[in-house]
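Worksheet: the structure to be examined is printed underneath.
The values are calculated or read from the model by the stated rules, or taken from the named source; none is laboratory data. Computed from a predicted structure; not experimentally measured. Cβ sites come from the backbone with ideal geometry, for glycine too, and all protein chains shown count toward neighbours. What goes into the accessible areas is simple: the full protein's heavy atoms, side chains included, and nothing from ligands, DNA or RNA. Shrake-Rupley method; radii C 1.70, N 1.55, O 1.52, S 1.80 Å.
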Amino acid sequence: MNLILTNLNKTYANGVKALDNLSLEISSGMFGLLGPNGAGKSSLMRTLSTLQEIDSGTAFLGEIDIIKNPVALRKVLGYLPQEFGVYPKITAKQLLDHMAILKGVSVKKERKDLVNYLLQKVNLYDKRNKEVKGFSGGMKQRIGIAQALIGNPKLIIVDEPTAGLDPGERNRFHNLLADVANDVIVILSTHIVEDVRELCQNMAIMNYGKIICKGKPQEVINELNNKVWQKLIHRNELESYNNTYSVISNKMVGGSPLIHILSEEKPSEGFQQVNPTLEDVFFAKINSAIN
């Protein structure tokens, strides 16, 4: 089952064009959607999760017309929003039981078995009687994935799932996402480049409501082979280098900027050629779209 988006457009009342003639095809597995804040990722996720209407375009999950038949889509959708709110004074077991009722699991024993299975799957069974509001960020995200799995979804959307997680929680969440993505489409919407590099078979970069790059992570990285150079410079030199070269990124190392530039040949003395990364691709594509 493929997700096929064709010429999606959405402009808000304030004039912001969140989706600009966007077209994309996504197959089963983990798909990474990268973009800076304001790129339109969340607008696309809200559209796919039937939380907002578009101005024009079509979106199909297999035979399901997402735009014209949102009810059918919701039956096979799992959604973990960026902010997964929880009810106060409700345990993990009660939360999943409630969500299962909302998703139509009416038989009590079937619901109990499902809840226990999901709690074990996300490694929270021993915390089943603990109030969710007291969970760590990573535990809340895991219970969020558990509720998204109710109903055997064909499409799972996770929006900025690892923002704010510590490294250990992030790794546990990565393993969980990889485990559930075998037979369904999982769209990982994020601005964290490493999440996409580590998890996704396919990806796209989005900016200003448009898809500006798509492909397999390693393949888009390979496009920059022998074209990325780095140099450690003084802070007062940064403006001059920005004006002279195609600087795609800079970060502070020991108090000085380490710049990466894009060039077919060695720019000047002091530059060292480096293997490109997905972060280089991201900044190169975003800067190109801006310029």
Query raised in the report: In Å, what Rg and Dmax follow from the Cα atoms of the range 103-206?
Result: 14.3, 44
Report task. Return the whole-Å distance between the Cα centroid of the range 44-89 and the Cα centroid of the range 10-38. Result -> 13
Report task. About the Cα centre of the chain, how large is the charge dipole given +1 on each Lys and Arg Cβ and -1 on each Asp and Glu Cβ? Please answer in debye to the nearest 20. Result -> 1280
Requested in this report: Note the angle between two axes, namely the Cα long axis of helix 137-148 and the longest principal axis of the Cα atoms of the chain, as a number of degrees from 0 to 90, rounded to the nearest 10.
Outcome: 60
Report summary line: Dividing the helical contributions, -39500 (n - 2.57) per DSSP H run of n ≥ 4, by the residues of the chain yields a 222 nm value, nearest 500 deg cm²/dmol, of -9500 deg cm²/dmol
Report task. State in Å² the accessible area per residue of the range 2-214; use a 1.4 Å probe, count heavy atoms of protein chains only, and round to the nearest integer. Result -> 47
Report summary line: Carbon plus sulfur, as percent of the 1.4 Å-probe accessible area of the chain, comes to 47
Requested in this report: Could you compute the FRET efficiency for residue 117 and residue 214, with r as their C-beta to C-beta distance and R0 at 22 Å, rounded to 0.05?
Outcome: 0.05
Requested in this report: Rounding to the nearest 20 debye, state how big the charge dipole of the range 148-291 is about its Cα centre with +1 on each Lys and Arg Cβ and -1 on each Asp and Glu Cβ.
Outcome: 200
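Rule-of-thumb check for the range 204-266: C-alpha Rg over 2.2 N^0.38 Å?
It is 1.33.
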Query raised in the report: Of 267, 161, 70, which is the most mobile in a GNM of the chain whose springs link Cα atoms less than 10 angstrom apart?
Result: 267
Report task. Estimate the FRET efficiency between residue 268 and residue 72 by the formula 1/(1 + (r/R0)^6), using the beta-carbon distance for r and 51 Å for R0, to the nearest 0.05. Result -> 0.30
Report task. Within the range 13-49, find all residues whose amide N lies under 12 Å from a label point positioned 7 Å from the Cα of residue 178 along Cα-to-beta-carbon. Result -> none
Requested in this report: With everything on Cα atoms, drop me the angle between helix 278-290 and the longest principal axis of the chain, reported from 0 to 90° to the nearest 10.
Outcome: 80
Report task. May I ask for the distance between the Cα centers of the range 147-201 and the range 216-291, given as a whole number of Å? Result -> 29
**Report entry** Segment residue 201-residue 9, extension gain: residue separation times 0.36 nm, minus the distance between their alpha carbons
**Finding:** 66.5 nm
Query raised in the report: the chain: Rg/Rh from Cα coordinates, Kirkwood Rh?
Result: 1.03
Report summary line: Length gained, residue 238-residue 256, 0.36 nm per residue minus C-alpha separation, equals 5.5 nm
Requested in this report: Please give the per residue accessible area of the range 226-274, computed with a probe of 1.4 Å over protein heavy atoms only, in Å².
Outcome: 64
Query raised in the report: Most fluctuating residue of 11, 58, 244 in a GNM of the chain with Cα springs under 10 Å: which is it?
Result: 244
Query - Gained length - residue 246 relative to residue 94, 0.36 nm times residue gap less alpha-carbon distance - result: 49.3 nm
